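Read-outs: derived from the displayed coordinates by stated rules, not from any lab. All figures in this text were calculated on a predicted structure; none of them were measured in a lab. With ideal geometry, Cβ positions are generated from the backbone for all residues, glycine too; neighbour counts draw on all protein chains shown.
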Amino acid sequence: MKTDLGYTAEGTFSGSDVVTRVFAAYKSDGTKRLLRSRGTVIECRDGTGWTSIATGLTSGRVWDFVVANDIVYMVNGVDTPRKWTFDPGTVSTTVAGIDNGTTIDFFNDRLWTAGNDASKINYSALGDYENFAGGGDIECWKKDGAGKIVALRHLGSRQIVYKERMKYSWSALTFSVLAFTPLGSQSTTALRSIIQGTDGYHYFANRQGAWRHRGYSQDDYLSGVVEPEFYGMDQSKESNLAGEWYQNEYWLAYTPSGQTVNTKVLRFKPRTGAWLLKDWPAACFCVFEQSDGKQQLIFGGSAGNSGTYKRYVDDAAASYNHNGAAMSAYYVLPFKTPAGRHRRNRWKHLFYQFDAATTQYFVKLGWRSSTLGGFREALIDLAPDAERWALDGSLWQATGKYWQGQDIIEGYLRGFTVTKARGLQFRVSHSGINQPFRFLGITPHHQPLEGFK
């Protein structure tokens with residue numbers, strides 16, 4: 001386990017707005033633009049800062065963006081839909097021919113909008129994206145009690161209609177025979193949480209947890225191990241959920257219990273089923289491809305400072321901070337219960353391994369025998385010339401040992417006392433600026449005792 005990379009500011013900024021949306025727009029000639037919405041404006045990343053392409057808008061609205069025919073279209077359900085032609089020197093213009101909605105999709109050579117009516121979906125004429133009068137509208141299960149339409153998204157050959165309490169799948173091709181197929185009762189009020197992974201799934205989240213589906217199937221429940229984080233959310237904060245697919249992981253920002261804006265991020269790794277918790281103030285995400293081809297994770301700040309940030313890409317010494325401030329990193333391991341359910345153990349001592357750091361700083365290694373109590377902790381010195389302690393308290397050689405070219409800090413945890421318990425749980429933590437740690441493992445020495453019921 002290694003400390004995850006931090007983030008830094010994306011362009012200069014000032015103000016007191018929450019960034020409600022960030023969007024990566026790509027043109028067929030290779031032009032790339034990064035957009036964001038905040039307060040009463042929409043802005044394009046330009047030079048060292050941000051240039052307004054729309055002003056005087058309804059404050060704080062969540063905009064939805066899509067690219068069609070090398071034009072960026074945008075809606076928020078209140079202001080007149082707008083379009084922009086990728087030129088930072090020009091402002092966006094209104095498009096009266098597009099029916100308004102809170103969500104927009106480009107699919108099967110049409111633009112689609114929805115959200116201003118509980119079940120109505122509006123669509124343009126085929127190939128004529130600003131001509132909704134030549135298109136029409138359809139009803140998706142009218143008066144089904146599932147709430148209004150939250151999002152239109154497509155997956156493969158299907159368009160997915162997300163309502164507040166239900167979602168549907170359909171081909172969006174044949175209008176004479178409408179076949180909206182229900183995809184289970186799990187849905188979301190959080191437009192920004194819905195994202196398509198490269199593994200062919202749609203990922204989304206609600207107050208009950210994180211889910212995925214393939215457009216035909218029922219939902220897979222993903223968040224059992226972090227279930228309390230979702231149950232602790234205030235019901236009114238579900239719409240704050242914001243997701244992104246980055247480096248084969250589903251990133252999800254959320255508002256913890258007692259907070260008013262997003263301050264935490266969960267990362268789900270489908271290959272292993274593992275979750276990682278991070279302290280990031282992210283209101284929204286997007287992935288933007290840089291000029292060098294590297295994929296950059298961008299997020300809009302939720303702290304009300306009009307900030308937009310990017311995750312560090314390179315694993316360098318200066319990449320372990322939160323925009324210059326200290327970052328807190330910790331890992332909690334599952335309980336180790338080597339003797340099974342009905343046997344206690346005498347835990348005698350613990351043997352740990354860390355990578356050595358380039359300078360001196362300390363990490364905390366904690367342990368506990370019950371989830372009802374806190375962790376007892378001991379400090380581990382990661383300095384290159386740190387003392388390596390043997391079980392009897394003697395010093396190991398200062399040069400340490402080598403593994404994969406790394407100088408390793410290893411030794412027995414001297415602060416640990418003999419404990420009788422069925423299992424132990426361990427936690428590694430540290431807070432600092434550009435002070436990463438790499439935890440290689442811990443080996444507890446134990447002796448099985450008598451069985452018990």
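Brief remarks follow.
- Inter-part distance where the stretch 256-324 and the stretch 141-212 are each reduced to a Cα centre, Å: 26 Å
- Relative contact order for the stretch 21-81, counting Cα pairs under 8 Å that sit 6 or more residues apart, in percent: 26 percent
- Gain on full extension, evaluated as 0.36 nm per residue between R343 and Q360 minus their Cα-Cα distance, stands at 2.0 nm.
- Sum of -39500 (n - 2.57) over DSSP H runs of 4+, divided by residues of the chain (222 nm, nearest 500): 0 deg cm²/dmol
- Candidate cross-link partners of K310 among the aspartates and glutamates, defined by an alpha-carbon separation under 14 Å and a same-chain spacing of 8 or more, comprise D4, E10, E244, E289.
- For the residue pairs K163/K264; K148/K264; K27/K120; K32/K264; K142/K167, alpha carbon separations beyond 19 Å are given by K163/K264; K148/K264; K27/K120; K32/K264.
- As a proxy for reagent exposure, M166, M1, M74 were ordered by neighbouring Cβ count within 10 angstrom, fewest first; the result is M1, M166, M74.
- Look at the dipole of the chain built from charges on Cβ: of L126, I195, P384, the Cα furthest out on the positive end belongs to P384.
- Taking Cα centre as origin and charging only the Cβ of basic (Lys, Arg, +1) and acidic (Asp, Glu, -1) residues, the dipole magnitude of the chain rounds to 1900 debye.
- Estimated dipole of the stretch 1-119 in Debye, rounded to 20 [Cβ of Lys and Arg +1, of Asp and Glu -1, Cα centre]: 220 debye
- Taking amide H as placed 1.01 Å from N in the peptide plane, D99 has its amide H under 5 Å from the amide H of F132, each at least 5 places away in sequence or on another chain.
- Separation between Cα centres of the stretch 98-127 and the stretch 361-377, rounded to whole Å: 53 Å
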